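The values are calculated or read from the model by the stated rules, or taken from the named source; none is laboratory data. Just so you know, these numbers come straight off a predicted model, no measurement behind them. Using ideal geometry, Cβ is built from the backbone for each residue, glycine included, and neighbour counts are taken over all protein chains shown.
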Amino acid sequence: MEPNPPGRRDPAPFGPPTAGAGLPVLPGLSARLAAAAGRGDPEPVGGGPEILEAACGYWSRRGLRTDPYHVLATGGAEGLLLALFAAVGGDVLAARPCAPWHTAQAAVLGHPAYPVATPAECGGVPDAFALLETVRRVREEGGDPRLLVLSVADDPTGTVAPPDLLHETCEAAAEQGLLIVSDETYRDTLHPPGGPGTARAGTGPDGATDVTSPPGEPPSTGATRYEGAARDAGPDRRAGDPGR
């Protein structure tokens, strides 16, 4: 099975447009930025104590308890993914289509990256059976698949994978001994309040991703489309790209 050749991109590499200019800055965020205006010293490699504690607070509020020892912060998710690929080694599996930067880091390291088909109703999370078949073929041909990159709130397709698909795919990946890497870039993206078909991606107390509908609407059972980029800017939302 051939991996994506260098320089090739899957279709639809770009996500939904970001919000237009002129949006007001949240008061809490502007106050923090103003308070830090006099701080010119760079952050230590991997992030200082404050930013790591902030990242821990971000994840803890979403049901994933962690501590600063297990958190790493950089100026962007690309650097983190590159370091992770280099540390783990092996071949990379990613949904098709996927954001270009999901596999670009593997190409930099010379690691093969294999696309895995997604179901018709959503992107970001490969079909569990397609994942198992891809792993089987790669191993038969002498490959060494070790990582699966997925994105529940998907960038290229603008969809949110339903929970049952996510659980099946994660179980298949765990069965094959794959390390799951979750792109959380659009994790906190919400629909406009009260819009038709409104739903939000959330994480329950057990850390499982769920898709719930607002009050008065039937529960969402399939993929949902997201728009905009409404994110919380609480005191702990300060780590450099902790959402990815």
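Descriptive notes on the structure:
- Flag if Pro17 is surrounded by 12 or more Cβ atoms within 10 Å (Cβ to Cβ) and modelled with pLDDT under 85: no
- When Ala153, Ala201 are checked against the criterion of being at pLDDT below 55 and under 24 Å from Leu81 (Cα atoms), Ala201 stands alone in meeting it.
- Subset of the stretch 25-57 (residues that are within 16 Å of Ala73 (Cβ to Cβ) and of a type in the set (A, V, I, L, M)): Ala36, Val45, Ile51, Leu52, Ala54, Ala55
- Where strands (runs of 3 or more DSSP E) fall entirely within the stretch 80-174, those with at least 2 residues that are more than 21 Å from Thr185 (Cα to Cα) and in contact (Cβ under 8 Å) with a residue 24 or more places away in the chain are at 145-150.
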